[in-house]
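J.: One structure, as structure tokens, below. Some questions next.
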Amino acid sequence: MSTHSHWMQNLPTHNPLNKDLIADAVVVGAGIAGLSTAYQLVKAGLSVVVLERDQIGSGETPRSSAQVTASLDFLYQELVTIHGREATRLIYQSHTAAIAEMERMVQTEQLDCDFRRVSGHLVPAPGDDATVQKEASVHRGLGFDTRLSTPPAWVKGFAESLEYPQQGQVDPLQYLLGLAKAIEKHGGLIYGSSPVLSYTGDHVVTEQGHTVHANHVVITTNAVVSEHGKYSFRLTPYRTYMVSLKLTEQIEPVLFYDTSDPYFYVRPDGDMLLVGGADHRTGEPADPKERWQTIESWARAHFPVGERLEQWSGQVFNSADGIAFLGKTGDIYVITGDTGNGLTHATIGSMIIRDQVLGQENPWIEVYRPDRFPRGNYRAWIKDAGRSIGHVFDWFKKSAEVQNLQPGQGCIVRQGLSKCAVHRDEKGELHAVGAMCTHLGCEVSWNGAEHTWDCPCHGSRFASDGTVLTGPARAPLAKLEHPEKLELK
Ligand SMILES: Cc1cc2nc3c(=O)[nH]c(=O)nc-3n(C[C@H](O)[C@H](O)[C@H](O)COP(=O)(O)OP(=O)(O)OC[C@H]3O[C@@H](n4cnc5c(N)ncnc54)[C@H](O)[C@@H]3O)c2cc1C
Ligand code: FES
């Protein structure tokens, strides 16, 4: 079974950086967080260099369902308990402002990315109507622009919903490509195939050994690379799954999210419905086929859909207090901890960083402060951190048998005191890399959906040949020669 994100396609490439440069700002990572920030800074008149490890669109942004919404992973009734009423108002206001900012950028730069305003509906999980009612009452108390409503007639099984009017949806890859063009049009420079290996507050150094000196260093690599545990202990990585299904009726574009945990999320794109959910902690056992089937069955029960066309998965990093870490910390700037709402969080982060760079006031700086400890929700945070620490003991788990490995599968095999991560490709050939994550040493596990080695502790991910795909790890898994010998043992 192959995975293919709905939005992915062959893209124009950017050349690697081949000399040292001086700029006002250097942005590391060209996903939505990096390109939104670079755009804000070039528009403010700064000289900006963007350095991307691979190419635009190689991160999580084009795996997104690309709902642009103020309906968050955490319900506002939870956010009020964690952050208090005033901060919760600011959170809602900032996400609503992010939707407007994305629309403004689309219009100003004429980005051809199918951005449109749509309604969003929070619908109850079976028997959970009281949660939607309570959420509506919390919204009323906080003065939000939402209302109890009836979902459209073509949706089955939900009597009532909480409607968020004037949300958005977008083609995330076209949005990135449009932003990149706009940045270059306004004088910014973008380099691909230029992984950044180290940075401080006034320069970054690429793998090829080139340095960009800058007054402002912005790290937007999704998981912050090379962070010495600062964020990895405050974020929990989750895999989330998506399918696209053929619509059997014409429907108007509307977003849906339900109150189950993990929750399902839905957005249409032309004659297809994109449906996601079935999340689980990265690196923990899961059968991807079952996850996709769970989503498809749920979608069939509620929406007019036919055959499944695509399936894929991706990763989100959840904070324990439901919002991202955005802005200046020490002498650098970061955007991380998307918590499932990465498009709006990235846009909020880009506006905060612009204002901090320019020395302007911004009402959201304190709420999203990146050096905060997760507010309120300490129990959840300690539980998540404990689960990460528990994975250190995976090292003592039993070794698997390479002989039983089918094409497309991977397993961990003990070899003396060390362990190997062994994968059999579709042609039947074996490949082996070291099983110890190069971040802080947890044991990686096989991701059967995307054919990668994923670390359950802080979400680093590696290709089957050991190359780093997602931080916080920077170094690849060690490649082991002659894996076929493992089969003979
Ligand atoms: C299935 C799925 C559905 C989602 N649905 C939604 C949704 O509906 N709405 C929403 O708001 N959010 C959603 N999200 C979350 C959202 O897509 C992400 O949070 C967001 O795209 C992350 O953007 P980013 O720029 O931080 O990271 P990325 O897009 O991952 O970009 C980071 C970039 O940094 C580069 N990089 C990494 N390391 C280095 C280095 N050392 N040097 C240089 N470059 C480096 C990477 O190659 C990558 O291109 C979803 C996510 C998934 C997986
Ligand atoms: S990501 Fe931290 S140990 Fe693997």
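The values are calculated or read from the model by the stated rules, or taken from the named source; none is laboratory data. Model, not experiment: these values are computed from the prediction. Note that we place each Cβ from the backbone using ideal geometry, even for glycine, and neighbour counts take in every protein chain shown.
J.: Which of the residues spanning the stretch 41-54 are more than 9 Å from ligand 1 (Cβ to nearest atom), touching a residue at least 24 places away in the same chain (Cβ under 8 Å) and surrounded by fewer than 24 Cβ atoms within 10 Å (Cβ to Cβ)?
T.: If the condition is that a residue be more than 9 Å from ligand 1 (Cβ to nearest atom), touching a residue at least 24 places away in the same chain (Cβ under 8 Å) and surrounded by fewer than 24 Cβ atoms within 10 Å (Cβ to Cβ), then Val42, Lys43, Ala44, Leu46, Ser47, Val49 are the ones that fit.
J.: A follow-up question, please. Name the residue that is nearest to ligand 1 (Cβ to nearest atom), counting only residues in the stretch 453-468 that are in a strand (DSSP E or B) and buried (at least 19 other Cβ atoms within 10 Å of the Cβ).
T.: So in the stretch 453-468, the residues in a strand (DSSP E or B) come out as 453-454, 461-463, 468.
Restricting the remaining residues to those that are buried (at least 19 other Cβ atoms within 10 Å of the Cβ) gives 453-454, 461-462, 468.
Values: Trp453: 17, Asp454: 13, Arg461: 11, Phe462: 13, Val468: 8 Å.
Once the filter is applied, the top-ranked residue is Val468.
J.: Related question: Restricting attention to the stretch 263-281, does a residue exist that is within 16 Å of ligand 1 (Cβ to nearest atom), of a type in the set (Phe, Trp, Tyr) and part of a helix (DSSP H, G or I)?
T.: Going residue by residue through the stretch 263-281, those that are within 16 Å of ligand 1 (Cβ to nearest atom) are 263-269, 272-281.
Among the residues that remain, those that are also of a type in the set (Phe, Trp, Tyr) are: 263-265.
When the remaining residues are screened for being part of a helix (DSSP H, G or I), the result is none.
The answer is no, given that none of the residues of the stretch 263-281 is within 16 Å of ligand 1 (Cβ to nearest atom), of a type in the set (Phe, Trp, Tyr) and part of a helix (DSSP H, G or I).
J.: Which pairs do you get when a residue that is within 11 Å of Ile353 (Cα to Cα), found in the stretch 210-225, comes within reach of a residue that is within 16 Å of ligand 2 (Cβ to nearest atom) and of a type in the set (D, E, K, R), reach meaning Cβ atoms under 6 angstrom, with the pair 6+ apart or on two chains?
T.: Taking only residues 6 or more apart or on different chains, not a single pair turns up.
J.: Test Pro472 against the criterion of being buried (at least 19 other Cβ atoms within 10 Å of the Cβ) and within 16 Å of ligand 1 (Cβ to nearest atom), and give yes or no. Outline the logic, then answer.
T.: Numbers: buried (at least 19 other Cβ atoms within 10 Å of the Cβ): yes; within 16 Å of ligand 1 (Cβ to nearest atom): yes.
Taking the combined requirement at face value, the residue satisfies it.
J.: One residue is enough: does the stretch 428-445 have a residue meeting the conditions in a strand (DSSP E or B), out of contact with any Lys or Arg (no Cβ under 9 Å at 6 or more places or on another chain), at pLDDT 90 or above and within 16 Å of ligand 1 (Cβ to nearest atom)? I'd like the intermediate steps shown before the answer.
T.: Our first condition is that a residue be in a strand (DSSP E or B); within the stretch 428-445, this holds for 430-434, 436, 443, 445.
Keeping just the survivors that are out of contact with any Lys or Arg (no Cβ under 9 Å at 6 or more places or on another chain) gives 445.
In the following step, the residues that additionally are at pLDDT 90 or above were identified as 445.
Retained after the next criterion (residues that are within 16 Å of ligand 1 (Cβ to nearest atom)): none.
Looking through the stretch 428-445, none of the residues is in a strand (DSSP E or B), out of contact with any Lys or Arg (no Cβ under 9 Å at 6 or more places or on another chain), at pLDDT 90 or above and within 16 Å of ligand 1 (Cβ to nearest atom).
J.: Which ones in the stretch 196-218 are of a type outside the set (Ser, Thr, Tyr) and crowded, with 20+ Cβ neighbours inside 10 Å?
T.: As a first pass, look at the stretch 196-218 and keep what is of a type outside the set (Ser, Thr, Tyr): 196-197, 201-205, 207-210, 212-218.
Within the stretch 196-218, Val196, Val204, Val212, Ala214, His216, Val217, Val218 meet the criteria.
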